[in-house]
Amino acid sequence: MKLLERYTVDDICASLRSPQDWFAFPPAADRAAWEGLLAHPLNQARKARLVARAEAALGQPWPFLPAERYMDFGRNGNRRDYEEPYFERRQRLAVLVLAEAFEMKGRFIDEIINGIWVICEETTWIIPAHSTKGSEGVLPSLDTANQAVDLFACETAAILGLIYRLVGPQLDAVSPVVTERMRQQMNVQVLEPIEAREDIHWMSGNGNWTPWCCSNTLIAALAIWEDADRVAAMARKLMTITDRFIDRYPPDGGCNEGPRYWGVAAGAMFNLLEFMYVATDGAVDIYSEPLIVAMGDYMVTVNLDADYFVNFADAPIKPRFREGNVYHFGTRTGNALMQELVGMVLRGGDPKGEVSPLLQENINGGDLLFHLQELFWVPGDAAPQGLPRPTERYLPDLQVAVLREFEQWGKGLVFAIKGGHNGENHNHNDVGQFIVMSDSRPLIVDPGSETYTRSTFGPERYTHWYIGSRGHNVPMVNGCEQAPGAEHAASQVVYDPRGRVYTFSEDIAGAYPAEADLKKLVRTAVVDWEARSVSITDAIACSQSGIDLDVWLHSPLPMTVAEPGVLALSEFGRICYDAALLDVRLEALPLVDPIMRNDWGDTLYRAVFSLHTEADTAAYTLVVRPA
């Protein structure tokens with residue numbers, strides 16, 4: 001079903017409100033809207049934070065972006081040294097614009113113009129890792145007709161579009177050249193190529209680039225184009241492209257890119273839907289469609305506890321959370337649990353706690369949009385209502401189960417496990433991966449991912465320990481880790497909830513290459529709330545005699561051998577195993593990357609259980625219990 005193709009260009013054009021009314025956020029000149037925010041103490045604190053940061057930025061040099069830094073990626077794979085100042089420019093500009101919108105005194109306007117000017121002077125808005133480059137392979141092509149328009153170029157156009165709508169008249173009062181330059185670059189770098197072309201790779205609908213680019217392009221077009229026919233044609237094109245993304249989604253609404261990317265996948269789709277909804281005064285509205293509802297509810301499903309989320313694929317366990325996006329998605333789809341989730345995540349799982357941080361800052365270059373969503377889409381006095389959480393959720397298409405011992409936050413065991421395949425977007429070779437928490441404390445974890453480099457998405461991807469199987473709680477069999485590709489998948493997946501005992505079983509042998517010599521590798525998880533335990537049993541059969549197997553378990557807690565057959569996870573939990581069957585060695589993994597250090601500190605710990613037999617079958621069980 002083509003959800004958005006129900007609307008023709010004529011329908012959209014007839015429904016579009018006048019240009020000054022078709023934007024989703026009020027301009028700075030709407031003092032009632034901006035001063036109305038300050039009725040809530042939270043927004044008073046946010047204003048103070050933004051104004052202080054803007055004052056600190058006054059007169060400071062804008063980050064330098066030399067060609068040499070652009071060339072780094074082509075030469076040595078370094079993304080960070082170009083991307084950090086690139087995003088800092090956009091983040092600083094967001095702070096200045098919001099401070100001006102709150103104050104409306106004009107004291108930040110010149111610095112805003114400086115920021116706009118340096119961004120408009122950038123030869124390209126495409127970051128090096130996404131550029132098709134020129135003939136030299138290290139600098140971007142100047143042939144815009146054949147250069148891909150990437151997601152951060154689209155995001156930059158949206159940022160300038162938001163600024164145009166928020167403070168455009170104040171910029172024009174200094175010089176109309178500023179907004180003329182903005183419109184010129186938005187058109188040349190993003191809007192006109194997307195308007196004219198059909199061959200840009202993200203137009204296929206495969207992955208988060210599609211809704212991310214489409215939503216930002218729509219924001220830019222709505223901001224600066226006043227020709228209703230042109231806006232309607234662009235909107236219809238972007239809606240059609242977004243259809244391809246929606247059509248790839250399974251009925252259960254599961255995001256195989258994980259919660260880190262939900263905000264720029266289904267969440268970005270929501271931005272497009274919401275801007276169309278507002279621009280057409282509600283005429284374009286598909287919020288009641290079951291698939292759209294399920295796509296939003298995914299975030300409720302994969303929340304473990306507090307601000308911890310199931311982090312299969314490229315994701316930290318505490319991903320940056322786009323609370324305005326999630327909250328308003330819940331508003332439009334009538335999902336109170338999405339709103340409850342926002343309230344709890346903002347308070348770190350304590351329903352009576354303070355909101356921290358005041359604003360989700362430094363989210364690549366998208367801070368301006370996310371801050372506006374926080375301010376205008378989440379009521380300043382929104383607080384958790386004590387709604388019970390679902391104790392069990394299963395996504396049959398994604399093959400992910402999330403089970404909770406209790407409905408209350410911060411209490412009891414929480415367990416998550418996946419089947420799926422190794423060809424998912426942002427895939428890790430992790431079929432059979434599982435996570436265990438107790439009383440909002442991680443016991444057995446997915447390590448997550450590190451800062452991206454060129455090798456992250458190149459042929460060396462699976463040499464990274466945290467992306468290959470050895471960074472997950474799955475076996476290595478006969479020297480073989482799991483293999484990448486959608487053909488390497490779980491089979492015979494069965495989810496069986498019965499009272500206080502839940503069973504999830506899957507044959508993960510298909511996730512391994514032929515060299516592993518596997519006939520079957522059935523992983524069965526039994527979650528028993530009465531025993532307060534999670535049991536993982538792996539039953540292995542090989543074609544030939546002789547099985548050599550290692551299985552890893554990762555934890556942020558130091559592990560020690562408490563007694564034969566029992567590992568202590570500090571004082572918070574334990575792992576029980578058959579010491580006569582399994583040998584164990586304990587490893588400490590020093591962490592250097594800031595993303596992992598943010599989640600786990602200086603060190604992550606690993607237990608490696610080893611099994612060696614001359615038979616062609618074997619089985620073992622690992623039992624995880626809280627202390």
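List, please: which pairs have Cβ atoms under 8 Å, are six or more places apart or on different chains, and start with a residue in the range 80-106 that is without any contact (Cβ under 8 Å) to a residue 40 or more places away in the chain and end with one that is among the acidic types (Asp, Glu)?
Within 8 Å, the pairs are Asp81/Asp72.
Would you call Leu567 surrounded by 19 or more Cβ atoms within 10 Å (Cβ to Cβ), in a strand (DSSP E or B) and in contact with a Leu (Cβ under 6 Å, 6 or more places away or on another chain)?
no
Can you spot a residue in the range 284-295 that is among the aliphatic types (A, V, I, L, M), assigned to a strand (DSSP E or B), in contact (Cβ under 8 Å) with a residue 12 or more places away in the chain and open to solvent by less than 10 Å² (accessible area, probe 1.4 Å)?
No: zero hits.
Of everything in the range 343-402, what is closer than 27 Å to Asp150 by Cβ and either touching a strand residue (DSSP E or B) at 6+ places or on another chain (Cβ under 7 Å) or among the polar types (S, T, N, Q) (or both)? Give them in sequence order.
Those that are closer than 27 Å to Asp150 by Cβ and either touching a strand residue (DSSP E or B) at 6+ places or on another chain (Cβ under 7 Å) or among the polar types (S, T, N, Q) (or both): Gln360, Asn362, Asn364, Gln373.
Kindly provide the set of residues from the range 332-347 that are surrounded by fewer than 16 Cβ atoms within 10 Å (Cβ to Cβ) and not in a helix (DSSP H, G or I), ordered by number.
Within the range 332-347, Gly334 is the sole residue that qualifies.
Which ones in the range 21-47 are within 22 Å of Tyr164 (Cβ to Cβ), surrounded by fewer than 15 Cβ atoms within 10 Å (Cβ to Cβ) and in contact with a helix residue (DSSP H, G or I) (Cβ under 8 Å, 6 or more places away or on another chain)?
Matches in the range 21-47: Ala29 only.
As an exercise: evaluate Gly448 against (1) at positive phi; (2) open to solvent by 50 Å² or more (accessible area, probe 1.4 Å); (3) within 21 Å of the chain's Cα centre (by Cα) and give the number of the one condition it does not meet.
(2)
Would you point out which residue out of Phe376, Phe329 is open to solvent by 10 Å² or more (accessible area, probe 1.4 Å) and modelled with pLDDT of 90 or more?
Phe376
Scan the range 158-166 and give yes if some residue there is in a helix (DSSP H, G or I), within 27 Å of Gln20 (Cβ to Cβ), touching a Pro at 6+ places or on another chain (Cβ under 7 Å) and not basic (Lys, Arg), otherwise no.
Yes: the range 158-166 contains one or more residues that are in a helix (DSSP H, G or I), within 27 Å of Gln20 (Cβ to Cβ), touching a Pro at 6+ places or on another chain (Cβ under 7 Å) and not basic (Lys, Arg).
Just the residues that are touching a Phe, Trp or Tyr at 6+ places or on another chain (Cβ under 9 Å) and in a loop (DSSP other than H, G, I, E, B), please, taken from the range 432-451.
Gln433, Asp439, Ser440, Val445, Asp446, Pro447, Gly448, Ser449, Glu450
Which members of the range 236-282 meet the condition of being outside any loop (DSSP other than H, G, I, E, B) and of a type in the set (A, V, I, L, M)?
Leu238, Met239, Ile241, Ile246, Ala266, Ala268, Met269, Leu272, Leu273, Met276, Val278, Ala279
Residue by residue, here is whether (1) in contact with a Gly (Cβ under 7 Å, 6 or more places away or on another chain); (2) at pLDDT below 95; (3) within 14 Å of Thr333 (Cβ to Cβ) holds:
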position: Ala283; (1), (2), (3): no, yes, no
position: Tyr287; (1), (2), (3): no, no, yes
position: Leu291; (1), (2), (3): yes, no, yes
position: Asp297; (1), (2), (3): yes, no, yes
position: Val302; (1), (2), (3): no, no, no
position: Lys318; (1), (2), (3): no, yes, no
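Taking the condition more than 30 Å from Gly348 (Cα to Cα), in contact with a Lys or Arg (Cβ under 8 Å, 6 or more places away or on another chain) and at pLDDT below 95, does Arg454 pass?
In short, yes.
If you take the residues in the range 142-175 that are within 17 Å of Ile194 (Cα to Cα) and open to solvent by 30 Å² or more (accessible area, probe 1.4 Å), which one is modelled with the highest pLDDT?
Leu142
For the subset of the range 570-603 comprising residues that are of a type in the set (Val, Ile, Thr) and outside any strand (DSSP E or B), which member is least open to solvent (accessible area, probe 1.4 Å)?
Here the answer is Ile595.
Among the listed residues Pro316, Pro351, Pro388, Pro357, identify the single one that is touching a residue at least 40 places away in the same chain (Cβ under 8 Å) and either over 17 Å from the mean Cα position of the chain (by Cα) or not in a loop (DSSP other than H, G, I, E, B) (or both).
Pro351
Name the residues in the range 604-627 that are of a type outside the set (Gly, Ala, Ser), surrounded by fewer than 17 Cβ atoms within 10 Å (Cβ to Cβ) and in a strand (DSSP E or B), would you?
Selection gives Val608, His612, Thr613, Thr617, Thr621.
The values are calculated or read from the model by the stated rules, or taken from the named source; none is laboratory data. Computed from a predicted model, the values in this text were never measured in an experiment. We place every Cβ from the backbone using ideal geometry, glycine too, and count neighbours over all the protein chains shown. These area figures cover heavy atoms from the full protein model, side chains too; ligands, DNA and RNA do not enter into them. Shrake-Rupley method; radii C 1.70, N 1.55, O 1.52, S 1.80 Å.
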